[in-house]
1. Please go through the range D:178-196 and pick out each residue that is aliphatic (A, V, I, L, M) and either within 17 Å of residue C:176 (Cα to Cα) or in contact with a Gly (Cβ under 6 Å, 6 or more places away or on another chain) (or both).
2. Among the helices (runs of 4 or more DSSP H) contained in the range B:7-83, which hold 2 or more residues that are charged (D, E, K, R)?
3. With the structure loaded, tell me whether residue A:153 is assigned by TED's automatic domain parsing to the domain that holds residue A:67 and not in a helix (DSSP H, G or I) or whether it fails that test.
4. On the given criteria, is residue E:94 more than 9 Å from every other protein chain (Cβ to nearest Cβ) and small (Gly, Ala, Ser)?
5. Of C:190, C:213, which residue is within 29 Å of the chain's Cα centre (by Cα), surrounded by 15 or more Cβ atoms within 10 Å (Cβ to Cβ) and farther than 30 Å from residue D:199 by Cα?
6. Within the range C:106-125, does at least one residue satisfy the condition of being outside any helix (DSSP H, G or I) and aromatic (Phe, Trp, Tyr)?
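The values are calculated or read from the model by the stated rules, or taken from the named source; none is laboratory data. Keep in mind that this is a model prediction, so the values were computed, not measured. No Cβ is skipped: glycine too gets one built from the backbone with ideal geometry, and neighbour counts run over all protein chains shown.
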6 protein chains.
Amino acid sequence: MYHHVKKLMYTVRVGDPDPRFGKMLLEQFGGANGELAAAMQYSIQGLNCDDPARKDMLMDIGTEELSHLEVIGTLARMHLAPLKNLKNKEAAYADPLIAICGGGGVSLNNSQGNPWTADYLKITGELDVDLRNNIAAEGRAKIVYERLIDFTDDSQSKEALQFLMTREITHMKVFSMALESLGKGKFEVGKIPPSEEWVNKYFNDSTGEGELGKDATGPWNTGGDWEKVDNPAFKGLGGK
Amino acid sequence: MYHHVKKLMYTVRVGDPDPRFGKMLLEQFGGANGELAAAMQYSIQGLNCDDPARKDMLMDIGTEELSHLEVIGTLARMHLAPLKNLKNKEAAYADPLIAICGGGGVSLNNSQGNPWTADYLKITGELDVDLRNNIAAEGRAKIVYERLIDFTDDSQSKEALQFLMTREITHMKVFSMALESLGKGKFEVGKIPPSEEWVNKYFNDSTGEGELGKDATGPWNTGGDWEKVDNPAFKGLGGK
Amino acid sequence: MYHHVKKLMYTVRVGDPDPRFGKMLLEQFGGANGELAAAMQYSIQGLNCDDPARKDMLMDIGTEELSHLEVIGTLARMHLAPLKNLKNKEAAYADPLIAICGGGGVSLNNSQGNPWTADYLKITGELDVDLRNNIAAEGRAKIVYERLIDFTDDSQSKEALQFLMTREITHMKVFSMALESLGKGKFEVGKIPPSEEWVNKYFNDSTGEGELGKDATGPWNTGGDWEKVDNPAFKGLGGK
Amino acid sequence: MYHHVKKLMYTVRVGDPDPRFGKMLLEQFGGANGELAAAMQYSIQGLNCDDPARKDMLMDIGTEELSHLEVIGTLARMHLAPLKNLKNKEAAYADPLIAICGGGGVSLNNSQGNPWTADYLKITGELDVDLRNNIAAEGRAKIVYERLIDFTDDSQSKEALQFLMTREITHMKVFSMALESLGKGKFEVGKIPPSEEWVNKYFNDSTGEGELGKDATGPWNTGGDWEKVDNPAFKGLGGK
Amino acid sequence: MYHHVKKLMYTVRVGDPDPRFGKMLLEQFGGANGELAAAMQYSIQGLNCDDPARKDMLMDIGTEELSHLEVIGTLARMHLAPLKNLKNKEAAYADPLIAICGGGGVSLNNSQGNPWTADYLKITGELDVDLRNNIAAEGRAKIVYERLIDFTDDSQSKEALQFLMTREITHMKVFSMALESLGKGKFEVGKIPPSEEWVNKYFNDSTGEGELGKDATGPWNTGGDWEKVDNPAFKGLGGK
Amino acid sequence: MYHHVKKLMYTVRVGDPDPRFGKMLLEQFGGANGELAAAMQYSIQGLNCDDPARKDMLMDIGTEELSHLEVIGTLARMHLAPLKNLKNKEAAYADPLIAICGGGGVSLNNSQGNPWTADYLKITGELDVDLRNNIAAEGRAKIVYERLIDFTDDSQSKEALQFLMTREITHMKVFSMALESLGKGKFEVGKIPPSEEWVNKYFNDSTGEGELGKDATGPWNTGGDWEKVDNPAFKGLGGK
């Protein structure tokens, strides 16, 4: 059961409303890496989760993201406020969907007006995989908030965004520790082991040299257990 | 530039075609965690990448996933073959979109007929974040292949799926090593540091006890630097 | 700010799990008229609302719908439980997206597997219009729950659905009373009055008699202020 | 069967084409509350309707909306005309999808370029519910036209929009009278009555006081049959 | 302006309703190559068309397709009729979206339940290109109707589908003749000529021999003006 | 199996980056008629194709389109480069999705930010129909490239676009010749012949005279085998 309290998790203020920045902020309201996506991904993982301790954790964070949704929505709405005055033509042009269709209020669309879709979510019902999905999701949200902070000159907007950005790192830590505490091997997913014959072969499928670079080596294809297979499309894959 | 060789990366054979299993296999052809999603995610990250060594790696794996797309597509097509005979009604009912609209051939839809969409992709242009996206993506693909293997009794199908599943673990290793080699801190994303005031607070936003469990503790909310804040919605967040 | 309590708003039990009914139940979890759609429509209207009293009401109901989302999600999950055993082939065939891709857990898809989309929402930022949207939405949700009750023979499922269905009527009352209390005319929307010349003309654009019926009259086109214009496409619209 | 006459239902002229306003107008051509949505919602309800008199009415209005689609499409096309001259760069930037991909002609996209989708439609096959859907739909269309009128300074555009806006009120009246003539109770939907135990309880799920307001009372939660339940998430729901 | 006559363009009857076939028929109602797609593609091309004679033709056919939409919708509805009885469980399982959410009536979804989207349309505003789009569209619709005819054993359904299928060939002829009458060269599109250096080179980008076949020649890559370039990815493209 | 070579098929350079033109270019990267759409349409047709010679041809061109995807992606990225500097506000406003969410790199969205979807593809599994789909697709791509060339003043961008445009004509020739070599009648699709009774009737469904033109004749409705049926909706279709 949910309860709502009529306070924001972080008070937001805006010095100088910028409708076009408001449109950008919608990315974190109704966009692929935004707060609704986070809230739904974690809460539904939580609903499906059979591990009681981590289920609690997923519900904690899923719920916090709903509170973030309110914060970013309120901030976006303040920046979009000039759209309500339809005689302010430049403001209204900034986002016709919100100005004309939404009356200047926020909606679940991203910075380009695309409607939020559950296709953004990554939910597999395999706890360790879902925790990796969440770590990645928090990384994405962090960098998007950072770019929003870098973009705006409004110090009050920066402050709220800094709070939200910080919490993404908090959640990244939580999910990482929850993953580690499962005690699974680093590349252990599910129960069926990979085939020895193929698992350590690095296929060098992109070769040559040109505008797009040239072949390179690194710990991800050289040394250790790696066996590098050059041009498999042409040489064929020996052993089949 | 791309080149195609008229051989499959892994030869596929099917003992007993099962059109409903064929429909499931489409999940890895035109679904959210399937081979086209992988091919596009890595190849476009590669196109955008300014780090020449990891750009090469992204192109290698992106290209390999295109070859996987052919393998899973061929396997799905073999299982869907009975749909071509429209008098085989049960087969045709299994996937009307493919039977009636597609003439029994594979298409870029998932196991429920939803069209593939770029909303499945996670591309941020921040290399470490993208590598985490890819590690998570490989985990998802691994577990989906495992479930397909667990589902079918056809040993030849299992064999091809085992190959594809193995390669996901290979790629997971590659992306992990590429991430580690960047030398970034575990929770270091972008350049703006999180706020000290908020980063180590765990918000206990889901409390009580009932059908949905009860409060739990673990390394993700207790010990270390963690400060646990119970019921922030009611207590307010001190310090603001 | 949101808070979550680990109890369901209505305890759900299932006598005999039916995966295909579970798939139907997803319609109210991740479908067009389902609980997430309701929660988001009302909560975002609330976020945008400048009328403090009705804003409170919108937040009350928006929050309750989040609790309903948990109830229907838990019920669906119980019916979908057999999908977790992939050797139970018929169960797994019932919804391959959930069986193979979701590991048997619920996801934000409707009864046909379509991902939830914000295109389902009707939010205009005009309070009386939004209240009408909500009255209509509650009517839709009511009839969908009624059909689910009519469909299933499982008495425990019926009980939970009856609770959820009842609450839709409650909300319909709330929204109707909130609309009435605005004191607006029945056909008064916005500020610009309709043109006298056109507002009371009923255009009889579909004529003739055949498999699709024949012309009919009723209080919606005859009597009162109505002026009936037959065949406007052919006669032209006098006065222009 | 349909027939088309090569005249517009309302002659449109444009004084000063404004491509960015043309883009806004697309909201009523290919948008969520636009004329195609109206035409399809009513016509398909009509096709499904078993009540012969109201089926006739649904077909009348569904057909009229197709004529409106032509009117708004023609108006939008006139405002978008400068996009045809690709050397008029600012015009072409206004909507690259229409300029580059559509050659300057209208397409079934909304004001942000999103493709029209049947997800916009609300069709339930329950006549009274569908009539409520239509009343709400007309309210939305009315307010969108009003905003377009408020936005533009072009008097000829205003005139055509005024015609279209007026007809929405006409339709709202028609649908309301058709609903009333069904003689159903105000909160009577379908056949299964709501549970007495729950139907008159108002759940006060959003409490406290802050930036988001404070608790309020009104006829929608106080007086009459209402029983107000405060904080149900915490108190539990007595009687279960 | 549109007018509707309450007769079907082709009377439909159904001997033995088959809900699963009804679901297939939806492909031509709300699917990618169905009647709404045809109606919208041609009518909007017509609305945009500056060539008065072909504009008339586009409106003729666009309007006819609206009449087809009614025919196929009525046929689908007859086959879906058993879904209205929710106690007929197998029927209701056949398409839960239509049974539960739509009350057994047709909706603008395809055979897999995907909502109709304007992404299906091909409208470029270049008359000859649009006519080619339409020729291709008619070919698709023809083959889909043929498959539906091949699938069903119901002779009355076959008859109506035969009518609809025949009209696609009629339209294919119309569009072809309209294209020919433009007098454009066979490969003449737009105004900018292709570069002589590249236009007659056939790139042999797929080579080798295996499960996927082997290199082949035909009039499309050999003889005439063709110059075959083998393995351009490896040899490079001389002359750059 | 695929192989990638780190060279572009056509070297691209940009004199003066124009982010808004970069956004337009995305139409051919992630848009409906863009290079991914072409690559997928032909490659999947090839995968499904049972005619070995034309299968080879489909794979050749499908593969070439992947190389084009790289070329247009690289060109778009160069024009979008200013978006990476978030302090260049006007540049960042040009496409917030790419600036904020994508870090300035290209993504599979079209010129309005819509995500690429498989709904763009036309794949029927009927070879002659698919070849017509491809001829039409090449026509669309040609005209879009022409418009992009007409729009920009940057000569280096023009040059690369001219190469890509030329190749569309090449492919149009290939598909046309492949279709002709099948030796099918011009209006011969599938196996079931059209009904003699209906195939040569032209339905004059749009009549009258007004802003939308007037009735016209041409070889597509007059002469030859044509029988013109005026106003079928009103006269009825004799013979039924």
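1. Answer for the range D:178-196, where residues must be aliphatic (A, V, I, L, M) and either within 17 Å of residue C:176 (Cα to Cα) or in contact with a Gly (Cβ under 6 Å, 6 or more places away or on another chain) (or both): D:179, D:189.
2. So the answer is B:19-30, B:52-80.
3. yes
4. Taking the combined requirement at face value, the residue does not satisfy it.
5. C:190
6. The answer is yes, given that some residue of the range C:106-125 is outside any helix (DSSP H, G or I) and aromatic (Phe, Trp, Tyr).
Yes/no per residue for (1) touching a residue at least 40 places away in the same chain (Cβ under 8 Å); (2) of a type outside the set (Lys, Arg); (3) within 8 Å of chain B (Cβ to nearest Cβ):
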{"position": "F:82", "(1), (2), (3)": "yes, yes, no"}
{"position": "F:85", "(1), (2), (3)": "no, yes, no"}
{"position": "F:113", "(1), (2), (3)": "no, yes, no"}
{"position": "F:116", "(1), (2), (3)": "yes, yes, yes"}
{"position": "F:125", "(1), (2), (3)": "yes, yes, yes"}
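Okay, residues lined up against (1) among the acidic types (Asp, Glu); (2) over 25 Å from residue A:136 (Cα atoms); (3) touching a Pro at 6+ places or on another chain (Cβ under 8 Å):
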{"site": "A:5", "(1), (2), (3)": "no, yes, no"}
{"site": "A:8", "(1), (2), (3)": "no, yes, no"}
{"site": "A:35", "(1), (2), (3)": "yes, no, no"}
{"site": "A:40", "(1), (2), (3)": "no, no, no"}
{"site": "A:61", "(1), (2), (3)": "no, no, no"}
